Amino acid sequence: MASDPIHQFQLKKHIPLEIGGMDISFTNSSLFMVATVVCTSGFLIWATSGRGMVPTRAQSFAEILYEFVAGMLRDAAGSEGMKFFPMVFSLFLFILVANMFGMFPYFFTVTSHIIITVALSMLVFLTVLGVGFFKHGLGFLKLFVPSGVPIAIMPLVVAIEIISFLARPISHSVRLFANMLAGHITLKVFAGFVVSLSSFGVLGIAGSILPMLMTIGLTALEFLVAFLQAYVFTMLTCMYLNDALHPGGH
Amino acid sequence: MTRGNKNSADEERDRRLQSLNDRLKKTRAAEVQESSSRPDNTGFGNALRLSSEFVAAILVGAAIGYGIDQLAGTAPWAMILFMMLGFVAGVLNVMRMAGVMSDPYRQEKDEE
């Protein structure tokens, strides 16, 4: 077993492919993305196939998931935002299940690669821009002009608002990526302490209880973070969509 | 005779469905109120958000400034200026998130 804490994030090519000079090999990352999508769609299709008035356990779990995301979206973006429900629901489930898959030993964490999280956040960002300009035209730019600001400091305020707007996809993607990466590295480092300490004889084995306890605690924390990151990502998506639907608020 | 029985059974069922509907409505209303004032697990979520919101704004500011410097050959002044604006935007983001300042994007929701 490799003791290198970064080793777990290495991409391995399962099926090397190259088309037009582009490397599109099927890697372990692709494998886990496919597994995530297959698992979520498979579960939801299976769970809702009964369509019972009185739901089975699986169906009521699917319904709870639906209600949870629908409630989040309705709270943030109003009933108009429900048009984006399929996108938001898919994002939530993809991130949640990918994060949870990452918690299995020897599994690959898809969301610990920044290219994945940037792709997801750019999807949201471009949707917000597209919907905003499509629905409001140039009125969408009102987003950058807060009402009731004196003309004299307007350029400054607009510049700040634009920076704050452009910072969104970055903070959106880096948050998810950094939390998953840092969490898994910490977990691995503390677990590594247990192994290397216990090779120092009896005293070492006694001492290795401390990092062991830490690892147990961190594992629980990581499960919480895995869920919360999916939740935060989805909640922010809803808030950004709300800005696209109602820019300026007037 | 059987018909009369069936009707009364139907009525009974309708009445029970109606009462179930009423109870569901009440619960839903209570749930909505609860969900709008629940501070539970969003606290930790907010903590995770705070730092990245702040850092991202500074990075974007610096990147914009660097780009302008490259285009206009004014290094390093645009970068300094925009990094400062980035700091301001970062502080603004954090304060908005913490609810210290009203968020102009979300004004409509507050007014409702």
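Based on the Kirkwood radius over alpha-carbon pairs, what is the Stokes-Einstein translational diffusion coefficient of the stretch A:43-112 at 25 °C with 0.890 mPa s viscosity, in µm²/s? D, rounded to a whole number, is 180 µm²/s. Once the Cα atoms are used to define both axes, helix A:209-245 deviates from the longest principal axis of chain A by about 20 degrees.
For the stretch A:1-110, applying the loop criterion from DSSP together with a ceiling of 16 other beta carbons within 10 Å to the trypsin sites (Lys or Arg not before Pro) yields A:K12, A:R51. Farthest towards the positive end of the charge dipole of the stretch A:7-245, among the residues A:N99, A:I160, A:P146, is the Cα of A:N99, using unit charges on the Cβ of Lys, Arg, Asp and Glu.
By the gyration tensor of its Cα atoms, with a ≥ b ≥ c the square roots of the eigenvalues, what is the shape of the protein assembly as shown: rounded for a/c under 1.5, prolate for a/b over b/c, or oblate? Oblate is the answer for the protein assembly as shown, as a/c is 1.5 or above yet b/c matches or exceeds a/b. Here's the picture: charge each Lys and Arg Cβ at +1 and each Asp and Glu Cβ at -1 in the stretch A:7-245, and of A:A182, A:Y231, A:F85 the one pushed furthest to the positive end of that dipole is A:F85. So, in the protein assembly as shown, how many Lys pairs have Cα atoms under 26 Å apart, if the pair is 8 or more places apart or on different chains? Here the count comes out as 10.
Here the label points at A:V189 and A:I151, each 7 Å from Cα along the C-beta direction, are separated by 5.6 nm in the simple model. Ranked by how many other Cβ atoms sit within 10 Å of their own Cβ, fewest first, the residues A:L91, B:L20 fall in the order B:L20, A:L91. Expressed as an acute angle from 0 to 90° and rounded to the nearest 10, what is the orientation of the C-alpha long axis of helix A:28-48 relative to the principal long axis of chain A? So the inclination is approximately 70 degrees. Counting Lys and Arg as +1 and Asp and Glu as -1 over every other residue whose Cβ lies under 12 Å from the Cβ of A:S29, the net charge comes to +2.
Put a plus charge on the Cβ of each Lys and Arg, a minus charge on the Cβ of each Asp and Glu, and nothing anywhere else: the dipole of the stretch A:7-245 about its Cα centre is then about 120 debye. The stretch A:145-189 and the stretch A:84-106 have Cα centres separated by 23 Å.
Read-outs throughout are calculated quantities, based only on the coordinates presented, and are distinct from any laboratory measurement. Values in this document were obtained by computation on a predicted structure and should not be read as measured data. Methodologically, a virtual Cβ is constructed for each residue, glycine included, from the backbone with ideal geometry; neighbour enumeration extends over all protein chains shown.
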